Amino acid sequence: MRDLLLRGLTGSPHEPIVTIVRRYAATPDDVWSALTDSSRLARWLGDVERDADDPALVRIRFADDPDSPAALRIEQCAPAETLAVGWTWDAEAPSRVRVDLRRDGDGTVLTLEHRLGEPDHVADYGGGWESHLRALAELHGGADNGTDAAAPWALLAQRPLHLEIELSSPVADVWASLTRPERLRTWWWNHWDDVEITADARPGGAYRFAAGAAGIAVAGRYLAVEAPHRLAFTWRWSDADGESRDEACDIDLRETAAGCVLTLRHTGPWTDDGPVESYRQGWEFVFAALRVSLGEEGTR
């Protein structure tokens, strides 16, 4: 992975999920040490205080706000792979932070996911984590580019595309159509006959849909695969004008008496409503094809 930084905003309007992906020029063991060793944590995150009576509880005091520590309760710890903690800070609703490490050649890809308990802190947490992960990169020879870390996250939260459709098919059938390559081929851009589709629907797995004659493609990685109800993924659109950045999608399937409701949330760093309306038309077009593939031509 050549990208030093990828941003993604998924989740729901009420409980957004901030995701940051960075590559470090260090082994997973070395990055893990920087995540868990108190002396190294102090160099990029904050001072760590461990609770003598509760080994699973730690507090982080940040340099810019030492009087208001965050309380972290360790929920999952798989050395050099996964660290997940419950997160509480001041009067905020409880949230959850998860960090996954994946070896990438001679380096490590770190994915940080913060599931927020309320909607008002996307820019603060997105920018805060991005700044801290920059500081972590400096421990491994990286450089701080000096940009305002919060600004991109404020933009990502500004114009989300929200789309909801009712389907008469059961959740399991719709899930298969969204995740299995042979089913995707029956509806995604099926008005062209040269579409190539690959989809490895697992967390961290890659997908790519490409229409050669049209000169367009979309690709990314799956952030969450929670069968059969939730699918989240990064989204990078490419055409003759270039590639998009920092876009992400979250699809939720909710069972109903008549079938299910599919809810899509697509976010990106859009400065006006043009991309939102363009994507709305695009998603409505492919979801119409999904209806046909499910045998729901006459439904709305």
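The values are calculated or read from the model by the stated rules, or taken from the named source; none is laboratory data. Quantities reported herein were computed from a predicted structural model and do not represent experimental measurements. Every residue, glycine among them, receives a Cβ derived from its backbone with ideal geometry; neighbour counts consider all protein chains shown. Surface accessibility is based on the protein's heavy atoms, side chains included, excluding ligands, DNA and RNA. Shrake-Rupley method; radii C 1.70, N 1.55, O 1.52, S 1.80 Å.
Evaluate the distance, in nm, between pseudo-label points positioned 7 Å from the Cα of ASP54 and of ARG102 along their respective Cα→Cβ axes.
That separation, rounded to one decimal, is 3.3 nm.
How big is the dipole moment of the chain about its Cα centre under a simple scheme where the beta carbon of each Lys and Arg is +1, that of each Asp and Glu is -1, and everything else is neutral? Debye, nearest 20, please.
For the chain, the charge dipole is close to 660 debye.
Tell me the label only: which of (i) 0.99; (ii) 1.10; (iii) 1.34 is Rg/Rh (Cα atoms, Kirkwood Rh) as calculated from this structure?
Computed from these coordinates, Rg/Rh (Cα atoms, Kirkwood Rh) corresponds to label (i).
Using +1 at the Cβ of each Lys and Arg and -1 at the Cβ of each Asp and Glu in segment 213-300, identify which of SER244, THR234, ALA257 lies farthest towards the dipole's positive end.
ALA257
Segment 203-266 to segment 30-94: how many Å between their Cα centroids?
32 Å
I want the local charge near THR27. Using Cβ-Cβ distances under 9 Å, sum +1 for each Lys or Arg and -1 for each Asp or Glu among the other residues. Working shown, then result.
Values: positive: ARG103; negative: ASP29, ASP30, ASP106.
Neighbour charge sum, excluding THR27 itself: -2.
With r defined as the distance between the Cβ atoms of GLU196 and GLU81 and R0 fixed at 41 Å, what FRET efficiency is calculated, to the nearest 0.05?
Details: r = 32 Å, r/R0 = 0.78.
The formula returns an efficiency of 0.80 here.
Could you calculate the contour length gain from HIS229 to ASP37, that is, 0.36 nm times the residue separation minus the distance between their Cα atoms, to one decimal place in nm?
65.4 nm
With n ≥ 4 as the cut-off for DSSP H runs, can you work out [θ] at 222 nm for the chain, using -39500 (n - 2.57) per run divided by the number of residues, rounded to the nearest 500? Don't skip to the answer; put the middle values down first.
Values: 7 runs with 74 residues, N = 300.
The helix-only estimate for the chain comes to -7500 deg cm²/dmol at 222 nm.
Dipole size in debye (nearest 20) for segment 39-175 around its Cα centre, Lys and Arg Cβ +1, Asp and Glu Cβ -1? Can you show the working numbers first?
Details: 13 positive and 26 negative charges, 83 e Å.
Rounded to the nearest 20 debye, it is 400 debye.
In whole Å, what is the distance between the alpha-carbon centres of segment 153-197 and segment 274-294?
Result: 8 Å between the Cα centres.
When the accessible area of the chain is split by element with a 1.4 Å probe, what percent falls to carbon and sulfur?
On the way: 7070 of 14370 Å².
Ligands and nucleic acids excluded, carbon and sulfur reach 49 percent.
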